[in-house]
Structures are given as C-alpha cells and as structure tokens.
Amino acid sequence: MKLSYSSTRLTLLARVSAQQMILIYLNFIPHCSVVLPLVDAESPSTLLLPPRDMAMVQNTLGDEPPSLYLLSWQVPKHYVLAEEFRTPLSFCLEPRLPTTIDLYYRVHRYGTDIANDAEFTRGIYLEHYPLGRIEV
C-alpha cells in the first residue's frame with residue numbers, strides 16, 4: 001500500500017502503510033530509530049497519559065510525518081539539560097515488530113525550552129537494537 005499523508009495528519013487508511021514503512025526501516029537499516037510525533041501538549045495531566053490503543057495514536061498524531069533517525073551507539077560526552085518522561089506502550093503497535101525493537105512513549109523538552117517555559121514534545125519511539133538489549 002502507498003503511504004497516504006494529509007496536510008494535517010496520517011489518515012486511518014495510512015495506518016497500515018505507515019506500519020509497513022516502519023517495518024521496512026527497522027528490518028533493513030540496522031541502527032535506527034523511528035519517531036511518530038504527536039501533537040505538543042501543555043497540560044501535565046495530558047503529557048503523562050500515553051496512548052492506550054492505536055485509535056488514541058491516530059487522534060494525537062501531529063502534522064509532521066514519521067521521522068527516521070540513524071543512530072550512533074557511542075556514549076554522549078557532554079551533559080544535556082532536559083526534562084523527560086518515558087514509558088513502554090501498553091499495546092502492540094504492530095504485531096510483526098521484531099523483539100529487537102524498543103517501543104515507548106516519550107515526552108521531553110530541552111534546556112532552552114525549559115528556560116522559555118515552552119511546550120513539551122511528545123511521540124512514539126521505536127528504537128532498533130539489532131544485537132538485542134541487556135535487560136536490567
């Protein structure tokens with residue numbers, strides 16, 4: 001299926017296409033992360049409520065299409081001031097995702113946003129760990 005993207009949000013019909021795109025990225029690009037951006041939120045009560053199902057994800061998708069990030073696994077050598085909350089999703093975004101994918105909801109803002117009392121950015125993150133992860 002072809003990815004259908006409207007100027008305001010991914011359509012429900014594009015859900016399958018977006019998931020197929022994510023699978024392609026994560027299966028063929030070994031060190032990557034895919035981010036599904038959600039609309040920004042000011043209310044702390046809204047921020048700390050991760051989506052409970054795919055319908056909630058569809059209702060909170062922002063105007064920005066999913067982003068692909070290529071990752072370097074080197075430890076950062078500088079301090080980054082940030083406020084952040086992350087939690088695993090309570091539902092499966094895509095049943096065919098490999099077990100090497102870390103899927104979570106993230107809310108954050110960096111130092112300049114904190115200083116300017118700006119909104120938090122939030123999204124659904126899929127990170128690929130091709131050699132697996134060590135659970136602690």
May I ask you to list pairs of residues, at least six apart or on different chains, whose Cβ atoms are under 6 Å apart, with the first in region 114-133 being on the phi > 0 side of the Ramachandran plot and the second being surrounded by fewer than 18 Cβ atoms within 10 Å (Cβ to Cβ) and assigned to a loop (DSSP other than H, G, I, E, B)? GLY132/THR100
Show the residue pairs that are 6+ apart or on different chains and have beta-carbon atoms under 6 Å apart, the first residue being within region 53-79 and closer than 16 Å to TYR125 by Cα and hydrophobic (A, V, I, L, M, F, W, C), the second being in a helix (DSSP H, G or I) and modelled with pLDDT under 75. LEU68/TYR25
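Take the conditions of a type in the set (Asp, Glu), crowded, with 16+ Cβ neighbours inside 10 Å and under 20 Å from PRO65 (Cα atoms) and apply them to GLU127. Does it pass?
Working: of a type in the set (Asp, Glu): yes; crowded, with 16+ Cβ neighbours inside 10 Å: yes; under 20 Å from PRO65 (Cα atoms): yes.
For GLU127, the condition - of a type in the set (Asp, Glu), crowded, with 16+ Cβ neighbours inside 10 Å and under 20 Å from PRO65 (Cα atoms) - is met.
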Where in region 57-136 are there strands (runs of 3 or more DSSP E), lying wholly inside it, with at least 3 residues that are modelled with pLDDT of 85 or more and of a type outside the set (Ser, Thr, Tyr)? 82-88, 101-110, 120-128
Give PHE120, PHE91, PHE85 a once-over and let me know the one that is under 17 Å from the mean Cα position of the chain (by Cα), crowded, with 16+ Cβ neighbours inside 10 Å and more than 17 Å from SER33 (Cβ to Cβ). PHE120
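The values are calculated or read from the model by the stated rules, or taken from the named source; none is laboratory data. Note that the coordinates shown come from a computational prediction; the quantities given were computed from them, not determined experimentally. Every residue, glycine as well, gets a Cβ built from its backbone with ideal geometry; the counts of neighbours run over all protein chains shown.
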